[in-house]
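Below is one structure, written out as structure tokens; comments come after it.
The values are calculated or read from the model by the stated rules, or taken from the named source; none is laboratory data. Computed from a prediction, not measured in an experiment: that's the story for all the values here. When we count neighbours, we look across all protein chains shown, and the Cβ atoms used for this are built from the backbone with ideal geometry, even at glycine. These accessible areas exclude ligands, DNA and RNA; they are computed on the full protein's heavy atoms, side chains included. Shrake-Rupley method; radii C 1.70, N 1.55, O 1.52, S 1.80 Å.
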Amino acid sequence: MIAIVDYDAGNLKSVEKALTALGEQPTVTRDGETILAADKVILPGVGAFGDAMGRLRQYGLVDVLRGVAAKGTPFLGICLGLQLLFERSDESDGVEGLGILPGEILRIPECPGMKIPHMGWNSIDIRPGSRLFSGIPNGSYVYFVHSYYLKASEPEIVAATTEYITHIHAAVERGNVFATQFHPEKSSEIGLQILKNFISL
């Protein structure tokens, strides 16, 4: 069973729809026991870092998600879900993230003629041997919508990067924990293949 974590952060329906298109029957839930019992867990989301952490605390999901990561269940963060896995964000001073992975979320710097949020299709540079990107050609285009970006503390966990004003860590993987800043569920066939790779772990 694939659990999609529901913490009122939006974007759940498009992830659910993409998984259904791949023949899965995901469960959208905020029940801790269900999430901990799942074969795989997906943490999607759009919105503000501080608000999202507040809702995860409100629903008693902070320790649940740390538990998912600790017990070895394949775990995928998407967009805001990637950012929440890390320690802190420029978006919400003083708010601790889940701290499952080391690193911080920074605001994309202003640049004349470049729009923030970064919204649209960008090519990614994929690290050879990445399990999440197995069979996906380097330079593939995926869909981003974000104003903040990941700077991981450990270069070895970075599975893909992109360039938009600055150097962006676009995806990470360490052990059973995977995450993408872009939206695989909105990234056409490439995105569906990424989700299929996660499902088949």
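Of the strands (runs of 3 or more DSSP E) entirely within region 86-201, those holding at least 1 residues that are open to solvent by 10 Å² or more (accessible area, probe 1.4 Å) and not acidic (Asp, Glu) occupy 103-107, 118-123, 141-146, 148-152, 158-164, 166-174. Between 66, 55, the distinction of being open to solvent by 10 Å² or more (accessible area, probe 1.4 Å) and either aliphatic (A, V, I, L, M) or in contact with an Asp or Glu (Cβ under 6 Å, 6 or more places away or on another chain) (or both) belongs to 55 only. Just give me the residues in region 1-53 being without any contact (Cβ under 8 Å) to a residue 24 or more places away in the chain and of a type in the set (Gly, Ala, Ser), in sequence order. Within region 1-53, 23 is the sole residue that qualifies.
When region 1-36 is examined, which residues are found to be open to solvent by less than 30 Å² (accessible area, probe 1.4 Å), out of contact with any Phe, Trp or Tyr (no Cβ under 7 Å at 6 or more places or on another chain) and not polar (S, T, N, Q)? Scanning region 1-36 gives 2, 3, 4, 5, 9, 12, 15, 18, 19, 26, 32, 35.
Selection of first residues in region 116-141 that are in contact (Cβ under 8 Å) with a residue 60 or more places away in the chain and under 22 Å from residue 46 (Cβ atoms) and of second residues that are of a type outside the set (Ser, Thr, Tyr) and in a loop (DSSP other than H, G, I, E, B), restricted to Cβ pairs under 8 Å at least 6 apart or on distinct chains, gives the following pairs, ordered by first then second residue: 122/182. Residue count for region 15-47, restricted to those that are at pLDDT 95 or above, in a loop (DSSP other than H, G, I, E, B) and under 24 Å from residue 102 (Cα atoms): 1.
Residue check: residue 73 meets all listed conditions (1) in a loop (DSSP other than H, G, I, E, B); (2) open to solvent by 30 Å² or more (accessible area, probe 1.4 Å) but one, namely (2).
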